[in-house]
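Structure first, commentary second.
Only the coordinates and a few stated rules stand behind these numbers; no lab work does. A quick note: this is a predicted structure, and the numbers were derived from the prediction, not measured.
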Amino acid sequence: MPILIDGHNLIGQLPGFSLADPDDEARLVMLLRRYATRRRGRKIVVVFDGGVYGHPDNLNGYGVEAHFAHSPSDADTQLIRRIRAIKRRDEWLVVSSDRAVIGAAQAHRIPVISAQAFARRLAALDQPRASLQDKRNDRPLTAAEIEEWMRLFGVDEDDAEDFANY
């Protein structure tokens, strides 16, 4: 499902991100790239206010397109224009907490998720994910298994008591 994101709106909701940071856009794009690569073929379009002259064009890639609104336009205007141009509305998702953007998406029957809710999804990227194999193997050893390992490594009960004190 392609995602259209209000960039600065999302940055304001991410822990550890600041709109005052001159690299906030690049940091967000790197995070979105990680999110996009989790699912093959995912496409993300992020729109930011106030494009900076000479801003690096190398932000695009890995399923993410970054666009900067240049004066006199702003990101909301660009987002609404893009929402109106979407042909397959049921395939897209809009990420914003801005009322005008949400209204345009709802008027065109495009699903919307708040910037706060999407920020929680992105924060989950940093949570370790245990595989089913890890979960299956992560159990305490039985007494019989401990005795077998001790026998295999030539450890007797006296040695085991010495190791238990460490």
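Please work out the Kirkwood hydrodynamic radius for region 1-71, using every pair of different C-alpha atoms, and report it in angstroms with one decimal place. One over the average 1/r among Cα pairs gives 12.3 Å for region 1-71. Dividing the Cα radius of gyration of region 1-131 by its Kirkwood radius returns 0.95 for Rg/Rh. Shape summary of region 39-109, radius of gyration then Dmax from alpha carbon positions: 13.0, 36 Å.
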